[in-house]
Amino acid sequence: MTARQLAFDFLCAGIGINSTSLNSAIEDLAVRESLESRGVVFTRMEVVEFILNLAGYTENQPLYEKRLLEPSFGGGQFLLPIIKRLIAAWRRTKSEESALDILGDAILAVELHRETFHSTRAAVIELLTYEGLSAKIATALADRWLLQGDFLLSSLKGEFDFAIGNPPYVRQEMIPSPLLAEYRKRYQTIYDRADLYIPFIERSLSLLVKGGCLGFICADRWMKNRYGGPLRNFVAEQFHLKIYVDMVDTPAFHSNVIAYPAITIISREEPGATRIAHRPTIDQSILSTLAEMLRMNPFQKNAVVRELAQVPNGSEPWLIESADQMSLIRRLEQAFPSLEEVGCKVGIGVATGADKAFIGDFDALDVEFDRKLPLVTTKDIISGEVIWHGKGVINPFGGSGLVNLEDYPRLHRYLESRRDIIASRHCAQKSPNNWYRTIDRINLALVHQPKLLIPDIKGEAHVVFERGKFYPHHNLYYITSDKWELRALQAVMLSAVSRLFVATYSTKMRGGFLRFQAQYLRRIRIPLWTNVPHVLRVELAEAAIKLDLQRCNHAVFKLYGLSVEEQSALGGHGE
């Protein structure tokens, strides 16, 4: 047994985990063949050079006196350009010391996947020999710089002036359970359903020297959604978000990604203003100029780069939209209560975990009539009104919980014929006696309640009034209220004001789509219904019934008392 393995076993014993199971989990990741399961996305060279420039890792600096961390070097998309810059900076010196002595501590790059590690190591050695170093020195440097292992668990010596790269985007369900449990013990930012890049950012930031700089490109979800809260707070308390570049709809990678990426430059220093740019053209010359503008001191305001104060604000979502829109958001948040505080309830439709078993043509579902409900789906509301296509959902719940199948022989027979599918779900395995439940409990009363239906992913708000005949599918969010009149509320939800709230707090998806999820809908502020004049109530409802978005905006602007300037910030026109 190696000394390294002995040390690892001792560490595992000290923290109460089984080193064998942990080693097995790490090995699983180290040999995975699927790029997707390893969170591999290849960054374009122009973007790599842009990030290096933004972080200040440039050839005119004494890079050989600095230390750089690349926590997941993959195929070397960042690592090889980093080495080129390091060698160029070293060649500017008159030093006669050997390259190994001067450059040996300049880089530490980590890669878990074994085959990738060896292929990139070979590429590093080839690059160094091409740059004129002997094969012996090139090999020695590669062995000093490169580490095959799990970045989140490996013992790393010292601190770093730079941490640069593209951390892996791996969802929790792709991580072996023993490994995920160990990550959770070590990293405070792994919260809720945080993806793997979250602890990568935490550890990389923690390893920076005072004044050190992190430059990452990764999904922007953590900047606004629930699971990013602890990491946002971590950044707000100890670091300065210097630069944010929104990469919406830019070909930053060699493959398409669903979530939008963003570039963040974060330094270990006192917090300050953040410089922001949006959607740059992926062109070397344009990006080089933009990097100069973003790093310019003192800052010079222009049409491409702007500066916002207090973007990190504890665990709150980062608001990086235009200053006039942020001013409007802040005013409305101070002036009005939230949607749920005025008596509206936001929820999501039923998730079954096995739609093929629980959902079918309503008339063809061979169960007792009171054991099925008419189901409304996104397909039914495409037109802006409910046009039911006849789907239904099995309802295994009664008034006091799951029904006794012996009391419903047709339901019993129906479910038993599909038991293999239904019982294989995680919720069924967790509670075998309740194997036939849907993931979400079905609330029969919801069928008969009038409600507003909102699809999850849309470019614009798509809000449909449903009179109280259907149960919503899990791709639909719903709003009910016993305070606000729903037709008037529909006008508010269709308006530019509600879209601003969702766009501000939501993560965006490819193609400009927004996530109209409950957590973002609950951010919307709205007056109390008792404070809405009768004439305006009628105006709101009539605009919604006609699905006239211009009239909805006109009425809603009155509702909030928006100034001409505030209407302009929303693309409206003051009158």
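Rg and Dmax of the range 156-308, both derived from C-alpha coordinates alone, stand at 16.0, 50 Å.
Hydrodynamic radius of the chain by the Kirkwood approach over all distinct alpha-carbon pairs: 27.0 Å.
Taking all protein chains in place and a 1.4 Å probe, what share, in percent, of the accessible surface of the chain do carbon and sulfur account for?
50 percent
Summarising the strand pairing of the chain, around 70 percent of its internal DSSP beta bridges are antiparallel. For the range 403-410, the Karplus equation 6.51 cos²θ - 1.76 cosθ + 1.60, evaluated at θ = phi - 60°, returns couplings of 6, 7, 4, 5, 7, 9, x, 5 Hz by residue, with Gly and Pro reported as x. For the range 37-166, the per residue solvent-accessible surface stands at 41 Å², with DNA, RNA and ligands left out and a 1.4 Å probe. Taking amide H atoms as placed 1.01 Å from N in the peptide plane, the amide H of G212 lies under 5 Å from those of R268, each 5 or more residues away in sequence or on another chain.
Once the Cα-Cα distance is subtracted from the 0.36 nm per residue extended length, the S134 to D548 segment shows a gain of 141.7 nm.
Computed extension length for T281-A445: 53.9 nm, one decimal, from 0.36 nm per residue of separation with the Cα-Cα distance subtracted. Stretching D420 away from Q300 to a fully extended chain increases their span by 36.7 nm, per 0.36 nm per residue minus the current alpha-carbon distance. Here's the picture: charge each Lys and Arg Cβ at +1 and each Asp and Glu Cβ at -1 in the range 70-177, and of L112, L156, N166 the one pushed furthest to the positive end of that dipole is N166.
3J(HN,Hα) along the range 214-222, derived from phi through the Karplus expression 6.51 cos²θ - 1.76 cosθ + 1.60 where θ = phi - 60°, amounts to 9, x, 10, 10, 7, 4, 8, 4, 5 Hz, with x in place of Gly and Pro.
Restricting the calculation to Cα atoms, the range 388-512 shows an Rg/Rh of 1.06 when the hydrodynamic-style radius is the Kirkwood one.
Could you sort the peptides 488-494, 418-424, 324-330 by per-residue average Cβ neighbour count (10 Å cutoff), highest mean leading? Intermediate values should be presented prior to the final figure.
On the way: 488-494: 26.1, 418-424: 14.4, 324-330: 16.3.
The most tightly packed comes first, giving 488-494, 324-330, 418-424.
Converting phi to 3J(HN,Hα) with the Karplus coefficients 6.51, -1.76 and 1.60 and the offset θ = phi - 60°, the range 61-73 yields 9, x, 4, 5, 8, 9, 10, 10, 10, 10, x, 7, 7 Hz in sequence order, with x at every glycine or proline. Overall, the range 358-476 carries a charge dipole of about 240 debye about its Cα centre when +1 sits on the Cβ of Lys and Arg and -1 on the Cβ of Asp and Glu, all other atoms neutral. Placing unit charges on the Cβ atoms of the charged side chains and taking the dipole of the chain about its Cα centre, the candidate lying farthest along the positive direction among Y183, L570, L208 is L570.
Taking the average, over residues, of other Cβ atoms within 10 Å as the packing measure, peptides 427-438, 235-246 rank 235-246, 427-438 from highest down. Listed by chain and number, the aspartates and glutamates whose alpha-carbon sits under 13 Å from that of K356, ignoring those within fewer than 8 places in the same chain, are D420. The Cα trace of the range 108-201 gives Rg and Dmax of 15.9, 50 Å, the first to one decimal, the second as a whole number. At the listed q of 0.11, 0.14, 0.15 Å⁻¹, the Debye profile of the range 330-451, built from one uniform point per Cα, gives log10 I(q)/I(0) equal to -0.46, -0.68, -0.76. Net charge of the neighbourhood of G165, taken over other residues with C-beta under 13 Å away and scored Lys/Arg +1, Asp/Glu -1, is -1. The orientation-averaged projection of the convex hull spanning the C-alpha atoms of the range 273-316 amounts to 3.8 square nanometres.
Placing unit charges on C-beta atoms (Lys and Arg positive, Asp and Glu negative, everything else neutral), compute the dipole magnitude of the chain about its Cα centre in debye, rounded to 20.
Numbers: 67 positive and 66 negative charges, 120 e Å.
So the magnitude is around 580 debye.
Could you quote the convex hull projected area for the range 80-141, Cα atoms only and averaged over all directions, in nm²? Over all viewing directions, the range 80-141 projects a mean Cα-hull area of 4.2 nm². In the chain, taking the dipole from charged Cβ atoms about the Cα centre, the farthest positive-side position among L52, L375, I125 is held by L375. Here the dipole of the range 416-567 is about 460 debye; that uses its Cα centre as origin and unit charges on the Cβ of Lys and Arg (positive) and Asp and Glu (negative).
Here the range 51-114 is treated as a Stokes sphere of Kirkwood radius computed over C-alpha pairs; at 20 °C and 1.002 mPa s its diffusion coefficient rounds to 174 µm²/s.
Highest mean first, how do 345-356, 77-88 rank when packing is the count of other Cβ atoms within 10 Å averaged over residues? Present the calculation step by step, with values, prior to reporting the outcome.
On the way: 345-356: 18.2, 77-88: 21.1.
Ranking the peptides 345-356, 77-88 by packing returns 77-88, 345-356.
Between their Cα atoms, which of K379/K451; K224/K558; K66/K242; K210/K301; K430/K469 are more than 25 Å away from each other? Before the final figure, lay out each step's value.
Working: K379/K451 17 Å; K224/K558 29 Å; K66/K242 20 Å; K210/K301 28 Å; K430/K469 33 Å.
Among K379/K451; K224/K558; K66/K242; K210/K301; K430/K469, the Cα-Cα distance tops 25 Å for K224/K558; K210/K301; K430/K469.
Amide hydrogen proximity for L476: with H placed 1.01 Å from N in the peptide plane, the residues at 5 or more positions away or on another chain lying under 5 Å are G349.
The values are calculated or read from the model by the stated rules, or taken from the named source; none is laboratory data. Just so we're clear, the structure is a prediction, and the values are computed from it rather than from any experiment. Quick reminder, even Gly has a Cβ in these numbers, built from the backbone with ideal geometry, and neighbours come from all protein chains shown. Please note that ligands, DNA and RNA were not included when accessible areas were found on the heavy atoms of the full protein model with its side chains. Shrake-Rupley method; radii C 1.70, N 1.55, O 1.52, S 1.80 Å.
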